[in-house]
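The block underneath contains the structure these notes are about, expressed in structure tokens.
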2 protein chains.
Amino acid sequence: MKKECKNSKKTFHVIFQPSGKRGEVSEGKTIIDASRELGVDIESICGGSKSCGKCKVRVEKGFFSDNGISSHPEHLSPFQDEEGKFIDAEERAEGVRLGCAAQIRGDILIFVPEQSRGERQVVRKGATDRSIILKPAVTLHVVQLSAPTFHDPLGDFDRLKKTLVQNHHLPLSMEIDYPALLKLPAVLRHGNWKVTVATWMRREIIDIKPGKVEDAYGLAVDVGTTTVAAYLCHLVSGKLIATETMMNPQVVYGEDVMSRISYVMAHPDGLEKIHGSIIEGLNGLIQTMTGGIGLSPEDILDLTMVGNTAMHHFLLKINPEYLGLAPFPPALHQSMDVKARDLGLKVHPSAYVHFLPVEAGFVGADNVGVLIAERPHRQRKKVLIIDVGTNGELVLGNNEKLISTSCATGPALEGAHITFGMRAAPGAIERIRIDPETFEVTLKIIGHDVGSTSPKNRAAKGICGSGIIDGVAELFRTGVIDASGRFSKDISSPRFRINEGRPEFVIAWKQETSIEKDITITQQDIRNVQLAKGALYTGAKLMMRRLGIEKVDKVILAGAFGSYIDPKEAMIIGMFPDCDPKQVYAVGNAAGDGARMALLNRDKRREADEIARKVEYLELTIEKEFQKEFLDAMYFPHKKDIFPHLRGIVKDQILNQ
Amino acid sequence: MKKECKNSKKTFHVIFQPSGKRGEVSEGKTIIDASRELGVDIESICGGSKSCGKCKVRVEKGFFSDNGISSHPEHLSPFQDEEGKFIDAEERAEGVRLGCAAQIRGDILIFVPEQSRGERQVVRKGATDRSIILKPAVTLHVVQLSAPTFHDPLGDFDRLKKTLVQNHHLPLSMEIDYPALLKLPAVLRHGNWKVTVATWMRREIIDIKPGKVEDAYGLAVDVGTTTVAAYLCHLVSGKLIATETMMNPQVVYGEDVMSRISYVMAHPDGLEKIHGSIIEGLNGLIQTMTGGIGLSPEDILDLTMVGNTAMHHFLLKINPEYLGLAPFPPALHQSMDVKARDLGLKVHPSAYVHFLPVEAGFVGADNVGVLIAERPHRQRKKVLIIDVGTNGELVLGNNEKLISTSCATGPALEGAHITFGMRAAPGAIERIRIDPETFEVTLKIIGHDVGSTSPKNRAAKGICGSGIIDGVAELFRTGVIDASGRFSKDISSPRFRINEGRPEFVIAWKQETSIEKDITITQQDIRNVQLAKGALYTGAKLMMRRLGIEKVDKVILAGAFGSYIDPKEAMIIGMFPDCDPKQVYAVGNAAGDGARMALLNRDKRREADEIARKVEYLELTIEKEFQKEFLDAMYFPHKKDIFPHLRGIVKDQILNQ
């Protein structure tokens, strides 16, 4: 991969994970230098003087066939004494370096840990304000007992249970979890025989504390392929106490589901690693979330988790091999309760983790989260739910019948694998409008005022998922690209240009950015969007055909950044079939909301199991029309289908109707 | 403790555990020498040439107030190179030495591990032949499934459960234990969709194996204060496959229950150690038992455990502090199921351990074992059950009412704390008959023909529990000792003599023994037996008074060596109130039998919980008459109570009637 540049200095291929940003970097540049050139944010307080230790990164070792590079610690300059102040022996053995000290001397793949990332991702998996009937699985009972005497020498647990049955109407079959039993004798006496008992599903005592306690906490977790969101809730009031997100640490093993499954199959310790990484990540997240508000991880008494089927299997450490082989059956569909301690999660030792059911090989517990949150099975209207993520999941139907499917969209709609793509962090362009006459561009940038694109405001760093949808939709709406996605040759604007033989459109000029470069949308970016939106459209179309539906009444956009997508722009590119724009809306992270609902209301868990059993799965890959439909669906908005609701929005002459 | 002997050589106090054998040993003798002088068997194949490594022992460090000695590794000669061949660094740090190499240079307490003991204990906790209705908690189901297809892509667990519910009538609420879920996908495919499922209590899948499997194993364990017995059973046929016993490794922390509780309370890591030692011991026992017949510990799918309340708490790692404080409530009475993995037991990862219920602070799960085995609650006859061990446990009553109590008997009835006491191993005198005219003695020695006391047969090594009861009973029956336990001064026999001012009776002459010493019963031995039997009698008496019973219809002797006690001899010393000798019988290790029954029949578990709740506990120590009654009960057979059934057996003039 070595190239000779004009200044005759060698360059090497550098890739940063988890962002996937990559490029050629000159020999001798530091990792911090390289990160700036490639638009990767690495924390640095001391300005590169090796004195703050904030810029720790890790070298990934080995040959990466996807990227065609061989990455080794020796491809960096030797470890310096100053680095030793911040990096202990264990970290050093793992390939940790200071970004400001290590110089590039060969091809290298660098992982930037969450804590070294310069700017935190904007919480795009925020919780939606939903009314939830409070009926948590874990409930508190304040119990006053009489002390044992020679005439009443009943054992501690038997004494407690007797009162819980008589005064709190809990069942006689009630059990106590082993760790809770161990602390019982001391707590009863410490509380002078007045204690607060936490029960799970009214059938198992999981905790006991002296005196009257009024606080209990639970955590709802949505494990996405790329992003993990966690919601810390007060189980007594139902209040959302804290929300936190992180990158899924599994991204180092592959950016999408299939590559992670392949990783597990190719490495004997692959499952252990991929499971361990998410558990370790969650433990860190939990530590941060609880610590930030004066709690400890042991205060978490209940957890619910949603995720697609692969994430679900990885979390449980179930071999995902058969998920990747036709007919893709999961190891289990129904919900599962596992003790957090058996999973290695460091929360309360007796806490359970409730995994919501999965629907099929690739329609996971996250989709079930959407269902119990949105309840299409209780409506007569025909609803299409699109959960947009690295893997697209679709549900269609109403109270009569529901079918689901999934399709590989790739990460383009999340801003990855896009030339100037970035996460939804400050500096990301999230809204784009192009004037159809002048082709001038108006931007909305995260962390900046709307429309502030003056050169004085060097704000833009890249384009996030909603921005790229907007950008492509606007290019099409204004005729810069045609229905097949190709740039029109007759556009007369300085923004349209051919760069090294490849056409592109300038979204933000160099002087409007903080990266010293024009931010563009390239032909390849448009192709990636076409592949993603084509897959989603094809899924919806084949489902409609299966149900005999001509038209959907409602489209719900769910998923990590569903709320940030402009429904109209999404329809312009043909992400889904024609629908009244008023009936297209985003529901935020419905998967996470579903997890939160199941955390706060145990009836929702039963409902999830019931609905998961009812949803019929449509396997797209075995549908005969799939290939043909997919090719047609790559067009904007579609090669043949009509979009009456786009009339007046997109010029008639460029709509194929 | 140093003494000057006549040869002016120093001697030191040496104690061997777990036997409790002790004595003065000259400076410079090896541990093996000392063990032979004191009648302790230590394995040695090479004859002391430091070449077999079989005689490993461990020095217990610290000051032992009970024994008044201070024991230190430095009280032995320095570690030799030859020892290093058999003792690794870790063992060395724990104080392990070769018995043939280490010489005594100070007071020392030495623990002889099971594997270094010269002769294995005779299995006195053998299983009794009882008819048990086979209805185990763990059952096998051979299941044939159809493979998933695109038209039937049901998940693996859901597919299995569907068939189990439809064809095997298992409940829809059936769950799967987490480790079993992890192996499920691979096993289903490896078995080509034909598998054998093991379920626990018909409500949880705990194992799955490919193809048709017809073997499943369970282990019933009776954890005594001194001896642990384990019964390996085939759960499908109900057959007893193997029986194994070992010393309870906790003996190093105290010989009786109270001293172990004190140990836990005095040491911050005491509970961890005392729990860890029994778990480690059980793991070793399980390894040995299964390995011996070509099985592995993972083949054990179910376990039941009985033990007194302290053993029960130690097994569960429950703080026993409150057991030792009035009113002595246990942490729990009812039965408890704990995953073996949570206890650290290395068996099948999904196996449960079922702890039978405990009745009260000192009437434990072992007593419940006796109850479900003997079922006094189903009889009209008034039954007295005596479970003889280091701690005596008594139950009295019938189908109308049952009460229980416990008393500290000390280990004398098990042959410990008796001058020539030993475990029931080859060489132990287990039967003693004294001719009332000549005072000549006839012996039965374990491992030798009856009556073979000729000098040619140097068989005897010591006296075990049943032997000491016989010996004391015979001394009383023949008038050698009086009702108060004192030796009669007017006995004219060379066997009766005063040794260093202390009267004793020779049971076996030096030439009949293998220890080069006369084996005697001393005045102190008799006192120890009086304390033990007096406690048992007092317990029975106060229970009878509570129930308003004048006479018991039946006496059942249970416990480790209950079967070996001669009921008539036991009545002669007044171990229990007068009863028709035909109605006094031994039932072997009924506690172990109870554990085995609960292993093989899950209904017995419910029965145990029911009966445990019904038995009323009588706390002896708060009974006003206790002290007075105890003093009277120290007499042979009793100071005041009459024993009509002893007429004709014991000379009338020495019966107080």
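Observations on the structure shown:
- Among the candidates A:A424, A:A412, the residue that is in contact with a Gly (Cβ under 8 Å, 6 or more places away or on another chain), among the hydrophobic types (A, V, I, L, M, F, W, C) and surrounded by fewer than 24 Cβ atoms within 10 Å (Cβ to Cβ) is uniquely A:A424.
- Residue satisfying all of: in the stretch B:339-361; within 23 Å of the chain's Cα centre (by Cα) and part of a helix (DSSP H, G or I); nearest to A:F150 (Cα to Cα) among these: B:L343
- Sole exception among (1) on the phi > 0 side of the Ramachandran plot; (2) at pLDDT 90 or above; (3) of a type outside the set (G, A, S) for B:H417, by number: (2)
- Some residue of the stretch A:427-445 being buried (at least 19 other Cβ atoms within 10 Å of the Cβ) and either modelled with pLDDT under 85 or assigned by TED's automatic domain parsing to the domain that holds A:A595 (or both): no
- Qualifying residue in the stretch A:344-364 (condition: without any contact (Cβ under 8 Å) to a residue 40 or more places away in the chain and more than 10 Å from chain B (Cβ to nearest Cβ)): no
- Residue match in the stretch A:159-180 (condition: more than 46 Å from the chain's Cα centre (by Cα), within 14 Å of chain B (Cβ to nearest Cβ) and surrounded by 18 or more Cβ atoms within 10 Å (Cβ to Cβ)): yes
- Among the residues of the stretch B:288-345, the ones that are under 25 Å from A:P185 (Cα atoms) and of a type in the set (S, T, N, Q) come to 6 in all.
- Candidates in the stretch A:304-320 are the residues that are free of Cβ contacts under 8 Å to residues at least 60 places away in the same chain and polar (S, T, N, Q); of these, the one that is farthest from the other protein chains (Cβ to nearest Cβ) is A:T309.
- Answer residue from the stretch A:321-335, given it is free of Cβ contacts under 8 Å to residues at least 40 places away in the same chain and surrounded by 24 or more Cβ atoms within 10 Å (Cβ to Cβ) and is farthest from B:E175 (Cα to Cα) among those: A:P329
- The stretch A:574-586, subset part of a loop (DSSP other than H, G, I, E, B) and over 17 Å from A:K382 (Cβ atoms), residue farthest from the chain's Cα centre (by Cα): A:G574
- Residue match in the stretch A:191-200 (condition: within 12 Å of another protein chain (Cβ to nearest Cβ) and in contact (Cβ under 8 Å) with a residue 12 or more places away in the chain): yes
- Positions within the stretch A:139-156 being touching a residue at least 40 places away in the same chain (Cβ under 8 Å) and at the interface with chain B (Cβ under 10 Å from one of its Cβ atoms), in sequence order: A:A147
- Qualifying residue in the stretch B:303-324 (condition: at pLDDT 90 or above, part of a strand (DSSP E or B) and under 22 Å from B:I176 (Cα atoms)): yes
- Per the listing A:V264, A:V252, the residue uniquely at pLDDT below 90, assigned to a helix (DSSP H, G or I) and crowded, with 19+ Cβ neighbours inside 10 Å is A:V252.
The values are calculated or read from the model by the stated rules, or taken from the named source; none is laboratory data. For clarity, every value in this text was computed on a predicted model and none was experimentally measured. As a convention, Cβ positions derive from the backbone with ideal geometry for all residues, glycine included, and neighbour counts pool all protein chains shown.
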